[in-house]
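I have placed the structure first, in the form of structure tokens, so that the comments after it can refer back to it.
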Amino acid sequence: MKPTTMNSMIKFLDLKKINAGYKEEFMAAFERVVDSGWFILGEEVLNFEKQFAAYCGTKHCIGVANGLDALILILEAYKELGVMKAGDEVLVPSNTYIASIIAISKAGLVPVLSEPHAGTWLLDPAALESKITDRTRAIMPVHLYGQLCDMDPINKIAEKYNLKVIEDSAQSHGAVYSNGKKSGNLGNASGFSFYPGKNLGALGDAGAITTNDDGLAETLKALRNYGSHVKYHNLFKSVNSRLDEVQAALLSIKLKYLAQETEQRRSAADFYLQHISNSKIILPVVRAREAHVWHLFSVRVKDRAAFQQYLKENNVETNIHYPVPPHRQPAYKELAHLDFPISEAIHNEIISLPISPIMTPEELQYVADVVNKY
Ligand SMILES: *Cc1c(COP(=O)(O)O)cnc(C)c1O
């Protein structure tokens, strides 16, 4: 039996609808920036940095151009501070979005891939220790899909081997760990992305770094701006990776609603978890409600291509995060000889259902019904 039909496709993510509610505030902020005549590293960036640091509970926030640069610049800062040098190794989950791994390569360091836990699909602390060598300098836990990695054991290993912990928080804005601390405040430094589709999304590219380390923050403020604290005085050979005033002004607006939007995502996920009951579908494991902000609602299914086609025919748009494991990408031929069976299985079976703060109860019910009738 076919489920009751929806007339139009349930979009995977409707960014137009998500942002429509904020349009009036956006226009006022845009006008304020235009009228100020100041477009780079001004009041808007300073205000957003202050607010986002307060939100994360960290001492510092440094706005940058995007999430990839946030991670690269953290590593570059550690190099400038003498903590790491070219060729040093950074542990990273083998099933992450490729940006985490590219950041390590672009900083002149070596990514060492480590398998996720087969149940949570997150970096497995138990698999980490065997990957540590005398060149290992850092661990990069990625809070994939919006769920926090198990940070206590990861931080314990880091302490034992004197490693830095660099969170990739691109998907986990606002997730709270068991100690009450938020994503971005669970290691030595953290990279955030505000790509439009992320839980805190700008209207273009944007990113930030959070840290409690004064020296690191000071270095990062120069590294995002040609290695310069004072105009035309350059301490480092660095890039231009600044957050701009317009995006900062828009992000300050969206930040006010992030807690509410996160709760809407959690309610949507609760609904799926309670109502999807198809033995062919493996649901995500949730360690703690607060520790997950549901950037994605990904499930596993053996015959993914057929499942995705069936959902499409029934007006449910899906996406795959991610179809190709990093060590099978042409960009990483040097890793092609390695085997990561847990990652490979995840990449073969994972598929993401629509989730967002603006999905209606009818849409959620419809998606659950369609999935259950597969
Ligand atoms: C989106 C994302 C990034 C990169 O962020 P950009 O702003 O697109 O550069 C890094 N890591 C993860 C896990 C991401 O999802």
* Asked: Of the residues Ile104, Ile62, which single one is within 16 Å of the ligand (Cβ to nearest atom), at pLDDT 95 or above, in a helix (DSSP H, G or I) and in contact with a helix residue (DSSP H, G or I) (Cβ under 9 Å, 6 or more places away or on another chain)?
  -> Ile104
* What number goes with the only condition from (1) touching a strand residue (DSSP E or B) at 6+ places or on another chain (Cβ under 9 Å); (2) within 16 Å of the ligand (Cβ to nearest atom); (3) closer than 25 Å to Leu353 by Cα; (4) in a helix (DSSP H, G or I) that Leu251 does not pass? -> (3)
* Cross-chain or 6+ apart pairs with Cβ under 9 Å, segment 185-200 first and among the basic types (Lys, Arg), then part of a loop (DSSP other than H, G, I, E, B) -> Lys198/Ala170; Lys198/Gln171; Lys198/His173; Lys198/His295
* Structure fact -> For segment 110-139 the number of residues that are more than 16 Å from the ligand (Cβ to nearest atom) and buried (at least 19 other Cβ atoms within 10 Å of the Cβ) is 7
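So which residues in segment 79-96 are in a loop (DSSP other than H, G, I, E, B) and surrounded by 19 or more Cβ atoms within 10 Å (Cβ to Cβ), if there are any at all?
Here is the first cut: in segment 79-96, the residues in a loop (DSSP other than H, G, I, E, B) are 81-88, 94-96.
Correct list: Met84, Asp88, Ser94, Asn95, Thr96.
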* When both residues are 6+ apart or on different chains and their Cβ atoms are under 8 Å apart, which pairs have a first residue that lies in segment 51-68 and is in contact (Cβ under 8 Å) with a residue 12 or more places away in the chain and closer than 10 Å to Ala206 by Cα, and a second that is acidic (Asp, Glu) and assigned to a loop (DSSP other than H, G, I, E, B)? -> Ala65/Asp205; Asn66/Asp205
* Qualifying residue in segment 146-162 (condition: away from the ligand (no atom under 15 Å from the Cβ), under 21 Å from His327 (Cα atoms) and open to solvent by less than 10 Å² (accessible area, probe 1.4 Å)) -> no
* Among the residues of segment 185-217 satisfying the criterion of being in contact with a Cys (Cβ under 9 Å, 6 or more places away or on another chain) and farther than 23 Å from Leu15 by Cβ, which is farthest from the ligand (Cβ to nearest atom)? -> Ala217
* Asked: Could you say whether any residue in segment 109-131 is in contact with a Gly (Cβ under 8 Å, 6 or more places away or on another chain), on the phi > 0 side of the Ramachandran plot and either free of Cβ contacts under 8 Å to residues at least 24 places away in the same chain or not aromatic (Phe, Trp, Tyr) (or both)?
  -> no
* Spot the failing condition for Pro284; the list is (1) out of contact with any Gly (no Cβ under 9 Å at 6 or more places or on another chain); (2) surrounded by 15 or more Cβ atoms within 10 Å (Cβ to Cβ); (3) over 21 Å from His347 (Cα atoms), and only one is missed. => (3)
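Rundown of residues vs (1) open to solvent by less than 20 Å² (accessible area, probe 1.4 Å); (2) closer than 17 Å to Ser193 by Cβ; (3) touching a residue at least 12 places away in the same chain (Cβ under 8 Å), yes/no style:
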| position | (1), (2), (3) |
| --- | --- |
| Ile209 | yes, yes, yes |
| Asp214 | no, no, yes |
| Ala217 | yes, no, yes |
| Leu223 | yes, no, yes |
| Gly227 | yes, no, no |
| His233 | no, no, no |
| Leu251 | yes, yes, yes |
| Lys256 | no, no, no |
| Ile276 | yes, no, yes |
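The values are calculated or read from the model by the stated rules, or taken from the named source; none is laboratory data. From a predicted model like this one, the values you see are computed outputs, not experimental measurements. For neighbour counting, all protein chains shown are included, and Cβ atoms are generated from backbone atoms with ideal geometry for every residue, glycine included. To get the accessible areas, we keep the full protein, side chains included, count just its heavy atoms, and leave off ligands, DNA and RNA. Shrake-Rupley method; radii C 1.70, N 1.55, O 1.52, S 1.80 Å.
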